[in-house]
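Since the structure comes first, as structure tokens, the remarks are kept for the end.
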Amino acid sequence: MIFSRFTLLLLIALAVAGLFAMPVWDITVYPTSTVAYGNVTLEGEPAEQGDMVYAFVNQECRGKQPVKLSDGKAYMTMNIQGLTDHEPVYFKIWDASADSIYEVNFTTYTKPNSDIGYPPDVLPINGVRAGVTFFFPPENLEMHPYEIRTLDVGYYCNTTEFIKGIRVFGAENLEVVPDGLIINITTTSAWTGDEKIEIEILNDADEVIEYGDVLITVSP
């Protein structure tokens, strides 16, 4: 009888563990990495033991790290895999107790063989229920006359799950054509200079859920 009760408790434990299983995101490993330090919260409240933080570059998982608790706060120290400097990084948090994924609006950039968010300037990794953040590197998009370039807006968003499409405004000296989440940019003349294009990101109801701008520099 004792064995039967033990077996029943074991089966229940295994069933619960199966219901609350962390996501299977395989990390892509590179020869170098960026060490990131962060303060982890969910809707502004400290994360709990067992919660997991994931780092992504263009939907490729580059790192994961369980939170550590200290003095009522949750922290992470994560190796973010990657060779190239200044790749855009976004995060997700798995809430172990609720088996739920939180998006993180804060974004940053890789710095291989170095660190970001070193204490006391830790990264603010705050999870929210849903949201889209568009982040574009601060440097200009450089082009030359009569050149064709494509810009993948999805690459510079923390998630594409809620995005239906995009709208683009402000191009006077460039030909700019959106195609899904891709923007095709053509310099159609010998014009040179700076031009800023504005991007609106839309949901299924054609509502603007995020926006940003990109400065394009055309030089000889």
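Only the coordinates and a few stated rules stand behind these numbers; no lab work does. Keep in mind that what you see is a predicted model, and the values were worked out from it rather than measured. A quick note on method: Cβ atoms are made from the backbone with ideal geometry, for glycine too, and the neighbour counts reach across all protein chains shown.
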Taking only the Cα atoms of the range 141-218, how large is their convex hull per residue, in Å³?
75 Å³
In vacuo Debye scattering of the range 13-128, one point per C-alpha: log10 I(q)/I(0) at q = 0.14, 0.19 Å⁻¹?
-0.54, -0.95
What's the Kirkwood radius of the chain in Å, using all Cα pairs?
19.7 Å
Run the simple label-point estimate for Ser219 and Glu43 please: 7 Å along Cα→C-beta, distance reported in nm.
4.9 nm
Size of the dipole of the range 13-128 about the Cα centre, Lys and Arg at +1 and Asp and Glu at -1 on the beta carbon, nothing else charged, in debye to 20?
220 debye
Using 0.36 nm per residue, how much length does the chain from Ile148 to Ser70 gain when fully extended, once their Cα-Cα distance is taken away?
22.9 nm
Total charge of the residues flanking Tyr90 in space, meaning their Cβ is under 13 Å from its Cβ, with Lys and Arg +1 and Asp and Glu -1, is -3
Within the chain, helix-based [θ] at 222 nm, where runs of 4 or more DSSP H residues each add -39,500 (n - 2.57), nearest 500
-3000 deg cm²/dmol
Quick one: how many lysine pairs in the chain have C-alpha atoms under 21 angstrom apart, if they're 8 or more apart or on different chains?
7
Counting DSSP beta bridges with both partners in the chain, what percentage is antiparallel, nearest 5?
85 percent
Simple spin-label estimate for Tyr155 and Ile182 in nanometres, 7 Å along Cα-Cβ
1.2 nm
Spatial separation of Cα centroids for the range 16-92 and the range 151-198, in angstrom
30 Å
Using the Cα centre as the reference, give the magnitude of the dipole from point charges on the C-beta atoms of the chain (Lys, Arg: +1; Asp, Glu: -1; all else neutral), rounded to the nearest 20 debye.
1020 debye
Förster radius 22 Å - calculated FRET efficiency between Ser100 and Val24 (Cβ-Cβ, nearest 0.05)
0.90
Label-point separation in nm, Glu175 to Asn203, each point 7 Å along Cα→Cβ
3.6 nm
Just want the answer: with Cβ charges of +1 for Lys and Arg and -1 for Asp and Glu, which residue in Ala98, Leu202, Val57 is farthest toward the dipole's positive end in the chain?
Ala98
At a threshold of 8 angstrom on Cα-Cα distance, excluding pairs fewer than six apart, so keeping six or more, what relative contact order does the chain reach in percent?
17 percent
So for R0 = 30 Å, FRET eff. of Val128-His86 from the Cβ-Cβ r, to 0.05, ends up at 0.75
So what is the relative contact order of the range 164-207, in percent, for Cα pairs below 8 Å that sit 6 or more residues apart?
50 percent
